[in-house]
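Report on the structure given below.
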Amino acid sequence: MKTLVTGSTGLVGSALVEQLLARGYEVRALARKTSDLGHLKTTGAEIIIGDVTDYTTLPPAVQGVDIVFHAAAKVTPGWGSWKEFEETTVQGTRNMLRASAEAGVKRFLQVSSHMVYGDACQKGDVPADECTPLEAFKSPPTYYDYSKMLAERVCWEFHQQGRIAVSMIRIVSAYGPRDRLLADRVYKQTSFPILFWPGDANPRYAITYVSDIAELAILAATSDRAIGQVYNVAGPQAVRLKEFAEAMIRARGEAKLHATMPYAVAWIWCWIMESVARLMRAKKMPYLTLASLRSIHREGYVDGSKARNELGWEPKVSVDEGTRLYVEWLRSQQKGR
C-alpha cells in the first residue's frame, strides 16, 4: 500500500514516515525545496519536492497513492500573519484534499490540534472530548487555532460530499526528535542553573511522544471504523507541565534549583523578546513569546478514551522514557555539528 506524508520533515511527519516504513508501507514524502532533507534521506522514503500552497506541485505527489497523511501546517502559535496561516494551513489543506480526491486516493488522515476547542479545555475538571463544540476564534494570538479549525471544516466538507474518506486526530502536545516547540523550549529553560517558573500555573496537558502519535494516526487512517471520525490524542492520565520539566531535568542528569518568577516579570521578558524579533523582522519564532506564556497558563485537558475504546490505542512511551530519548537524540545532533 502506498502512502504520502506531507510535512515530512517536521516532528509528526517525520515520525509518520519512520513508522509507516517500519510497518512495510511504501512511503512517499512531500517536502519543500527549502526544507532540510538530511534526516529524510536516511529513511529510504521516496522524496518528492512540492508545496501544499502550490497546487500544481501536488498531482504528481498523490499519483498512485492509497492514503494521505496530512501533517503539513504553519506550526508557530502566536507568531505570523493571518495570510501565512490561511495559505498554508487552510488553503494548503484544501489543495491536498482536492489533489487527493481527483487522483482517487482512498483515505485522508488530517493531523489537527486540540487548540480548535478554544476555551473548552479550560472548564475545570471536565475534559474536552470529540463532541465538545469548537470555540477557536480569529485573533493574532490564536491564528493557529482558528486556521486548524477552518482546515477541519474543509476536511469534513470533502468527506460529506463523498469526494474522499477522511479521518482525523487532534494532538495536544507532541514531543520527540525534531521537536521545535515543547521539548525544545523546556530543554532550553532547564539549561539554566536555576529553573524559573512563571507564576503559579501548572496546567494539565496530554503530552504524548511522537511515535505513539504516529501509531494512532496509522490506526485511524487504516480502520474502517475510523472513517468520518476524529480522535483526541491523549493517554489515560494527564501530565502536569512541571512534571514534564522535572522529567527533562532527570533525563539531563543535572540538579537544578527552582524559583518562581512573578507573572508580570515573565510577561515583560516575553514582550521584550517578541518585540525585538519583530523589529528585526525575524521569520523564525523567538524562543519565548507572549503566546507561549499564555499557553503555560492554559489547560490542554482532553479525553482520549475514544481512541482507546474504538481503535485499541494506548501510548507506550512514558514521559521519563520519552524525555530520555529526546535528550539522547538532541545530544547526538549537537555532537554531529
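Couple of notes before you dig in:
- Filter pass, Gly300 being under 23 Å from the mean Cα position of the chain (by Cα) and at pLDDT 90 or above: no
- Figure legend. Inter-residue proximity from the range 254-265: first residues in contact (Cβ under 8 Å) with a residue 60 or more places away in the chain, second residues of a type in the set (Ser, Thr, Tyr) and loosely packed, with under 11 Cβ neighbours inside 10 Å, beta-carbon distance below 8 Å, spacing 6+ or different chains. No pairs are indicated.
- Some residue of the range 251-272 being part of a helix (DSSP H, G or I), under 17 Å from the mean Cα position of the chain (by Cα) and within 28 Å of Lys316 (Cβ to Cβ): no
- Residue in the range 142-188 that is nearest to Lys74 (Cα to Cα), counting only those that are under 16 Å from the mean Cα position of the chain (by Cα) and aromatic (Phe, Trp, Tyr): Tyr144
- Any hit, the range 289-297, residues being crowded, with 17+ Cβ neighbours inside 10 Å, modelled with pLDDT of 90 or more and either within 19 Å of the chain's Cα centre (by Cα) or part of a strand (DSSP E or B) (or both): no
- Screening Trp267 against (1) surrounded by fewer than 17 Cβ atoms within 10 Å (Cβ to Cβ); (2) within 16 Å of Ile194 (Cα to Cα); (3) at pLDDT 85 or above leaves a single unmet condition, (2).
- Among (1) buried (at least 18 other Cβ atoms within 10 Å of the Cβ); (2) not in a helix (DSSP H, G or I), the one test that Val90 misses: (2)
- In the range 4-30, the residues that are small (Gly, Ala, Ser) and surrounded by 24 or more Cβ atoms within 10 Å (Cβ to Cβ): Gly7, Ser8, Gly13, Ser14, Ala15, Ala29
- Helices (runs of 4 or more DSSP H) lying entirely in the range 1-67 (those with 3 or more residues that are touching a residue at least 12 places away in the same chain (Cβ under 8 Å) and farther than 18 Å from Glu215 by Cβ): 59-62
- Here Ser139 passes the criteria (1) over 17 Å from the mean Cα position of the chain (by Cα); (2) in contact (Cβ under 8 Å) with a residue 60 or more places away in the chain except the one numbered (2).
- Filtering the range 153-181 to residues that are in contact (Cβ under 8 Å) with a residue 60 or more places away in the chain, touching a strand residue (DSSP E or B) at 6+ places or on another chain (Cβ under 9 Å) and not β-branched (Val, Ile, Thr) leaves Cys155, Phe158, His159, Ala165, Ser167, Met168, Arg170, Ser173, Ala174, Tyr175, Gly176, Leu181.
- Test: residue in the range 118-132 that is in a loop (DSSP other than H, G, I, E, B), surrounded by fewer than 18 Cβ atoms within 10 Å (Cβ to Cβ) and among the aliphatic types (A, V, I, L, M): yes
- Checked against the criterion of being farther than 24 Å from Ile169 by Cα and either modelled with pLDDT under 85 or assigned to a helix (DSSP H, G or I) (or both), the candidates Ala201, Ala214 yield just one match: Ala201.
The values are calculated or read from the model by the stated rules, or taken from the named source; none is laboratory data. Bear in mind the structure is a predicted one, so any value in this text is a computation, not a measurement. Cβ: placed from backbone, ideal geometry, glycine included. Neighbour counts: every protein chain shown.
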